Amino acid sequence: MCVKMAGKCSLRTPTLLKQIYLFWLIVLHSGEPSTQSNDVNCIVYNEEFMECTWSHSEGKPNYTLYHWYSSAPVKECGNYIQQNSYNIGCNFSQNEIIQFQEFFVYKNGSSDSGNALPQTQSFQLQNQVKLNPPGDLALNISNNNELILSWDVPGNLLRCRMFEIRYRSNKDKEWQVHRINSQARYVLSSMDPEIPYTFQVRSKMNEYCASTKLWSEWSPPVQWGRNDTKKAQRKLYRLMLFSMVPFLGLLILLVCQIKNKRTCYPSANQHKSSKGSQEMNESHN
C-alpha cells in the first residue's frame, strides 16, 4: 500500500505490523500456563558463536524462534539449525552476542491441528559461556624437584578464568582435584618420580566476570612418568654442568697464571742462593 506524505510515496511493509503482533502475543501469553516446557537452551561457545536449541519429537509442530534484547526490536532467527526438515535450533554469530544485557527468546509453534501456546525465556549471556578446553599442556620439573603443569591462555583473558586440575597415578582409582583462579600453571610439590601420573585441565568463567556452572570439556590427557623424570634429571644435570664450565675455566686460568709467575719470577731466597754459589765458585778459582 502506498501512502502520500508531503508529495512523496512511502511504502509500508508488513514488518511493523508483524512486530506489533508479536509484541502483543508475547504480552498476552506471558502469564498464561502452557503445556510446553522451557526447553530452549542457549550456549555461547568460547565467546565466538551461540546456539539456542530445543528438542523436537514426532507429531509436534515446526517451531520458529524470535529473539530480542531489552533495547532492541524483535527479530526472527536468520540461521536455523534443522533436523529432518524441522527446526531444532538457531545459530547466532559473534556480532549478535551482547553480554550483560537481558536476552529474550520466544519459541512459536504452528501445525494443522492447532496452535501451541508460546513461551518466553530470558538469559544473561555472560552466564551462558562454555569455554574451549585449555590447550598446549606442558609438564616440567623445577630445580627444587617440583612438577610444574602449565597451559596456554591469552593474557587478557586470564583474569576471568577458573581452572580445575585433576591428576592421578597409575595406582590411584580416584582423581585428585584442585581449582585455581586467574593462573595458568599448577605446581605439584610432592610426587613419586617412579610412578606415572596423568593430568587434565578444564576451565570456565569465574565469579569475577560471570555466574555460571558451565565447564569446558576436559583437555586431552598428558602423562608424566619414570622415563620423563629421568630425562628431566639428566637435563638438569647437563644444565648444572654447563653452568659450571665457565667457573672451571676461570679456575684453571688462574692456576696457570700463578704457575707461570713462579716459573718466570723465582723467589728472593732462590736468587740469593744462586748468587752465593756463584761467588764461591769464583773464590775457588
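The values are calculated or read from the model by the stated rules, or taken from the named source; none is laboratory data. Please read all numbers here as calculations on a predicted model, not as lab measurements. Cβ placement follows ideal geometry from the backbone for every residue including glycine, while neighbour counts extend to all protein chains displayed. We work out accessible area using only protein heavy atoms, side chains counted, and drop any ligands, DNA or RNA first. Shrake-Rupley method; radii C 1.70, N 1.55, O 1.52, S 1.80 Å.
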_Residues (within 15 Å of Val129 (Cα to Cα), hydroxyl-bearing (Ser, Thr, Tyr) and surrounded by 13 or more Cβ atoms within 10 Å (Cβ to Cβ)) located in the range 64-104_ = none
*Is at least one residue of the range 44-63 at pLDDT 85 or above, outside any loop (DSSP other than H, G, I, E, B), over 22 Å from Leu131 (Cβ atoms) and not small (Gly, Ala, Ser)?*
yes
*Would you point out which residue out of Ser203, Ser189 is touching a residue at least 24 places away in the same chain (Cβ under 8 Å) and open to solvent by less than 60 Å² (accessible area, probe 1.4 Å)?*
Ser203
*Evaluate the range 187-197: report whether one residue or more is at pLDDT 95 or above and touching a Phe, Trp or Tyr at 6+ places or on another chain (Cβ under 7 Å).*
no
*Can you name every residue in the range 153-172 that is small (Gly, Ala, Ser) and open to solvent by 30 Å² or more (accessible area, probe 1.4 Å)?*
Gly155
*Does Ser150 fit the bill of being among the hydroxyl-bearing types (Ser, Thr, Tyr), open to solvent by 70 Å² or more (accessible area, probe 1.4 Å) and more than 30 Å from Asn41 (Cβ to Cβ)?*
no
*asked:* Go through the range 80-97 and report how many residues are within 23 Å of Lys60 (Cβ to Cβ) and in a strand (DSSP E or B).
replied: 10
